[in-house]
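A.B. asks: Right, I'll just put the structure down here and ask away after.
Every read-out reported here was derived from the displayed coordinates using simple, explicitly stated rules and does not represent laboratory data. It should be emphasised that the depicted structure is a prediction, and the values quoted were computed from it without experimental measurement. Ideal geometry is used to build each Cβ from the backbone, glycine not excepted, and the neighbour counts take in all protein chains shown.
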Amino acid sequence: MAIIFNEKTKEFHLYNDQVSYLMKVMRNGQMGQLYFGKRIPQKENYDYLTENAYRPVTAYKYEGEYSFTLEHLKQEYPSYGTSDFRMPAVEILQENGSRITDFQYVSHKIYAGKPALQGLPATYAESDDEADTLEILLRDELLQVEMTLLYTIFQKENAIARSVRFQNNGTQNQQITTAMSLSLDLPDADYEWLQFSGAWGRERYVKKRRLEQGIQSIGSTRGASGHMHNPFVVLKRPAADEFQGEVMGFSFVYSGNFLAQAEVDTFQVTRMMIGIHPESFSWCLKPGESFQTPEAVVVYSDSGMNQMSQTFHRLYRTRLARGYWRDRERPVLLNNWEATYFNFTEEKLLNIAQTAKDAGVELFVLDDGWFSTRCGETSGLGDWWPNTDRLPNGIKGLSEKIEALGMKFGLWFELEMVNKDSELYRAHPDWILHTPNRHVSHGRQQYVLDFSRKEVVDYIYEMTAKILRESKISYIKWDMNRNITECYSIAYEACRQGEIFHRYILGFYDLYERLTSEFPHILFESCASGGGRFDPGLLYYAPQAWASDDTDAAERLKIQYGTSYAYPLSSMGAHVSITPNHQLNRMTPLKTRGDVACFGAFGYELDLSQLSESEMEEVRQQIVFVKKYRKLLHSGTFYRLLSPFDGNITAWMVVSEDKKHAVAAYFKVLNDINCEFRRIRLQGLDASMCYRAVDEAGRSESFYGAELMQIGLIATDSSAGQVIGDESLCTDFWSKIILLDADEA
Ligand code: DGJ
């Protein structure tokens with residue numbers, strides 16, 4: 001068991017080979033934080049880490065004593081106003097108007113394995129020996145409210161999952177107004193903060209700044225995790241980089257409003273928190289009721305950011321994603337959206353599908369516009385039955401025809417939305433989220449269904465399940481194209497309106513759970529106007545997510561690079577589209593588009609029949625390559641080598657678990673002239689193994705792993721002078737893939 005409790009010192013030590021997490025019951029009965037980081041020895045007493053000091057202008061707990069103040073103490077789940085003046089992890093508004101609480105240790109439980117969180121996505125253990133869990137029960141005696149802090153440490157990963165459960169055993173209503181999933185007081189502020197932020201079309205750009213005294217935060221109050229910020233933050237030592245140094249990653253397994261915040265106090269203590277955003281949140285805990293927060297995961301690495309990301313990749317790919325598709329090779333798909341937008345007929349779709357089939361595509365996906373009166377943005381959402389004017393044989397007939405071509409068939413849905421011009425809205429105008437007597441804002445001419453209401457979710461479930469039951473559907477793209485405004489549900493009393501954002505997400509997860517349970521063989525891909533809800537919560541239901549509507553290869557370098565800090569390659573929907581690119585009007589080589597997209601869940605977003613015969617041949621070769629290497633690319637260890645945010649060259653690679661095979665790629669955005677001889681140092685290989693390195697032209701040469709890692713892969717191209725024997729000319733938006741295979745001979 002990797003969790004120890006010392007009765008005498010009241011210290012808890014959670015550890016595995018790589019990390020230690022230490023906390024204790026403090027003198028006032030509350031939980032104090034002692035240490036989180038690289039593994040340290042188990043010892044009777046780490047109390048010297050508790051700072052008892054007298055400072056001026058400080059409030060102390062015990063009368064006449066100057067040694068105990070929460071202002072100086074590192075805590076586990078702090079509250080405001082009893083000598084700590086920083087932002088709290090928990091706040092409860094009581095019937096008398098007070099917000100002061102005092103949660104004191106009562107008992108704890110240590111057990112093997114990891115519990116599921118009712119109605120919420122969470123990481124899991126497949127067997128009891130993969131993880132150990134600690135539950136610490138605390139009670140506020142006055143309120144008779146109990147709070148359970150949950151910690152799971154994974155045996156083989158440098159990761160700890162945390163969440164909190166509240167239970168009201170008292171006689172009064174309690175309004176929880178803040179309930180973070182994780183709070184961690186770190187003893188200094190010598191960190192750089194990395195966030196993954198942007199907008200539609202440029203999701204998850206890497207942004208970095210030094211922590212400073214005061215609060216730095218990111219979050220979402222849009223009802224979805226959003227394009228603007230991802231629920232993931234990194235704290236790293238300033239000297240740490242991709243390959244060395246101390247790094248911590250904080251990730252929130254949730255798809256709605258969130259806050260990730262670091263508060264550096266006047267004594268340089270950093271309080272890191274992540275959880276549901278307190279803005280617009282409150283939860284009315286009536287007597288006898290309980291509330292469970294979503295889960296947060298913290299990963300510690302002493303070997304740089306690549307190691308942190310690799311832990312997240314393994315954990316999220318194999319112990320967050322679930323089901324039939326978790327470990328399976330993902331089909332090469334073709335999506336008709338950029339090929340046709342709303343302008344298609346069954347005949348046109350079948351022609352596109354036939355060409356795709358001839359090229360080796362395995363799955364044809366019909367995007368928006370197939371249902372009801374939906375021929376544009378203004379109508380039809382909510383009415384999930386086929387438009388038989390466009391598709392005379394319905395979805396059933398079309399899906400059978402696609403299967404007869406030898407492909408699988410996939411379909412687009414946007415189940416949370418309704419247009420006013422729809423049968424659903426006409427029948428149930430009060431089913432949208434809206435504040436009575438207030439104007440309701442639209443987004444893309446659509447409104448958000450009130451998924452906090454079970455009858456609404458039930459109705460959508462039945463309508464969706466009907467079409468899935470009667471047609472041959474192997475894949476669903478679940479889109480979401482607007483955020484929530486005027487959030488209010490007419491189904492709930494006034495004191496519960498602060499719950500609606502969260503109840504909406506619970507309803508949304510419930511629908512996902514029911515659909516994935518009834519149709520376990522359907523591959524779900526999440527989407528929200530591109531990558532507007534690319535978060536760990538959704539990976540629990542949908543193992544892949546459309547990373548961005550921006551399919552330009554150069555832009556995708558940044559998007560996929562930023563996404564890779566927390567999310568595995570298998571989760572990143574990445575497609576080759578036409579040029580000029582529809583988002584940037586940019587021309588990039590077909591090869592580069594393929595080379596970028598193959599480091600993701602690969603597909604096409606164009607009508608292949610528009611391509612020339614030589615381009616089609618290139619597409620056929622791309623698909624052969626993806627089918628051969630997708631297993632390695634998705635399950636191997638991914639290394640970021642050179643960042644698109646730092647220079648003109650991006651490089652990354654994937655190494656197989658046994659280190660015998662690797663795929664390395666580098667991309668040059670703009671061509672340069674008379675430039676340096678270039679080498680890219682590779683990572684993760686076996687130093688003593690000899691590898692045959694083969695490029696796309698079939699040229700090969702053998703190198704020891706040590707050479708490739710210490711000296712580097714020679715990455716010189718024609719911009720450093722024409723290489724003798726190599727006639728290829730480097731251009732803008734240029735890419736190269738090198739295959740490395742252990743030379744067994
Ligand atoms: C937004 C998505 O990101 C696109 O891929 C496409 O599915 C459209 N919605 C359809 O309306």
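A.B. asks: Give a residue-ordered list of calculated ³J(HN,Hα) values for the range 285-299 (Karplus: 6.51 cos²θ - 1.76 cosθ + 1.60, θ = phi - 60°; whole Hz; x for Gly, Pro).
C.D. replies: Whole-Hz 3J(HN,Hα) from phi for the range 285-299: 9, 7, x, x, 8, 10, 9, 10, 6, x, 8, 10, 10, 10, 10.
A.B. asks: If a paramagnetic tag sat 7 Å from the Cα of Thr266 along the Cα-Cβ line, which residues of the range 78-122 would have the backbone N under 17 Å from that point?
C.D. replies: Once the point is set 7 Å along Cα→Cβ of Thr266, 81-87 turn out to lie under 17 Å by backbone N, inside the range 78-122.
A.B. asks: Just in the range 581-628: which trypsin sites (Lys or Arg not before Pro) are loop by DSSP and have at most 15 other Cβ atoms within 10 Å?
C.D. replies: Numbers: sites: Arg586, Lys591, Arg593, Arg620, Lys627, Lys628; in loops: Arg586.
Those that pass, being in a loop and sparsely packed, are Arg586.
A.B. asks: Also, quick follow-up: Given the C-alpha centroids of the range 691-729 and the range 192-233, what is the distance between them in whole angstrom?
C.D. replies: 38 Å
A.B. asks: Can you compute the modelled spin-label distance between Asp458 and Arg514, with each label point 7 Å from Cα toward Cβ, in nm?
C.D. replies: Calculated label separation equals 0.8 nm.
A.B. asks: Taking the 0 to 90 degree range and rounding to the nearest ten, how far is the long axis of helix 553-563 tilted relative to the main principal axis of the chain, both from C-alpha atoms?
C.D. replies: Roughly 30 degrees between the two axes.
A.B. asks: Using only Cα atoms, tell me the angle between helix 613-635 and the longest principal axis of the chain; keep it within 0 to 90° and round to the nearest 10.
C.D. replies: In the chain, helix 613-635 runs at an angle near 30 degrees to the longest axis.
A.B. asks: Any idea how far apart Arg586 and Ala427 come out in nm if each label point goes 7 Å out from Cα toward Cβ?
C.D. replies: Label at Arg586, label at Ala427, 4.6 nm between them.
A.B. asks: Please compute the length gained on full extension between Ala697 and Trp385, using 0.36 nm multiplied by the number of residues separating them and subtracting their Cα-Cα distance.
C.D. replies: Here the answer is 107.4 nm.
A.B. asks: If you build the Cα gyration tensor of the chain and take the root of 5 times each eigenvalue, what three semi-axes come out, in whole angstrom, biggest first?
C.D. replies: 44, 35, 21
A.B. asks: Let me ask something else. Report, in whole Å, the centroid distance computed from the Cα atoms of the range 572-614 and the range 47-111.
C.D. replies: Cα centroid of the range 572-614 versus Cα centroid of the range 47-111: 56 Å apart.
A.B. asks: Report, please, the projected area of the range 460-537 averaged over directions, based on the convex hull of its C-alpha atoms, in nm².
C.D. replies: 6.3 nm²
A.B. asks: Can I ask one more? What is the ratio of the Cα radius of gyration of the range 153-225 to 2.2 N^0.38 Å, with N the residue count, to two decimals?
C.D. replies: After normalising by residue count via 2.2 N^0.38 Å, the value is 1.55.
A.B. asks: Right, here's the next one. Can you list residues whose amide H is under 5 Å from Leu641's amide H, if they're 5+ apart or on another chain and H is modeled 1.01 Å from N?
C.D. replies: Ala651, Trp652, Met653
A.B. asks: With r as the distance between the Cβ atoms of Thr378 and Asp129 and R0 = 60 Å, compute the FRET efficiency 1/(1 + (r/R0)^6) and round to 0.05.
C.D. replies: So the FRET efficiency works out to roughly 0.60.
A.B. asks: Follow-up question, since we're still on this one. I need Val269, Val365, Val57 ordered by Cβ neighbour count within 10 Å, fewest first.
C.D. replies: Values: Val269 21, Val365 27, Val57 5.
Arranged by neighbour count, lowest to highest, Val269, Val365, Val57 become Val57, Val269, Val365.
A.B. asks: Against the longest principal axis of the chain, how steep is helix 394-404, in degrees 0 to 90 to the nearest 10, with axes from Cα atoms?
C.D. replies: 60 degrees
A.B. asks: Okay, moving on. Between Thr9 and Gln213, what's the calculated FRET efficiency when r is the beta-carbon distance and R0 is 35 Å? Round to 0.05.
C.D. replies: For Thr9 and Gln213, the calculated efficiency is 0.60.
A.B. asks: Within the range 294-336, report the chymotrypsin sites (Phe, Trp or Tyr not before Pro) that DSSP leaves as loop and that have at most 16 other Cβ atoms within 10 Å.
C.D. replies: Counting only loop positions with at most 16 other Cβ atoms within 10 Å, the chymotrypsin sites (Phe, Trp or Tyr not before Pro) in the range 294-336 are Tyr324.
A.B. asks: OK, next. Between Glu279 and Tyr341, 0.36 nm times their residue separation minus their Cα-Cα distance comes to what?
C.D. replies: Result for the pair: 18.6 nm of gain on full extension.
A.B. asks: Apply 1/(1 + (r/R0)^6) to the Cβ-Cβ distance of Glu400 and Ser609, taking R0 = 25 Å, and write down the FRET efficiency to the nearest 0.05.
C.D. replies: 0.70
A.B. asks: In addition: Using Cβ contacts closer than 10 Å as the measure, can you line up Leu590, Leu149 from fewest to most?
C.D. replies: Working: Leu590 18, Leu149 23.
Arranged by neighbour count, lowest to highest, Leu590, Leu149 become Leu590, Leu149.
A.B. asks: What value does the range 280-391 have for Rg/Rh, both radii from Cα atoms and Rh as Kirkwood defines it?
C.D. replies: 1.17
A.B. asks: Which lysines does Lys736 reach when only Cα atoms under 16 Å apart count, and residues fewer than 8 places away in its own chain are ignored?
C.D. replies: Reachable lysines: Lys591, Lys668.
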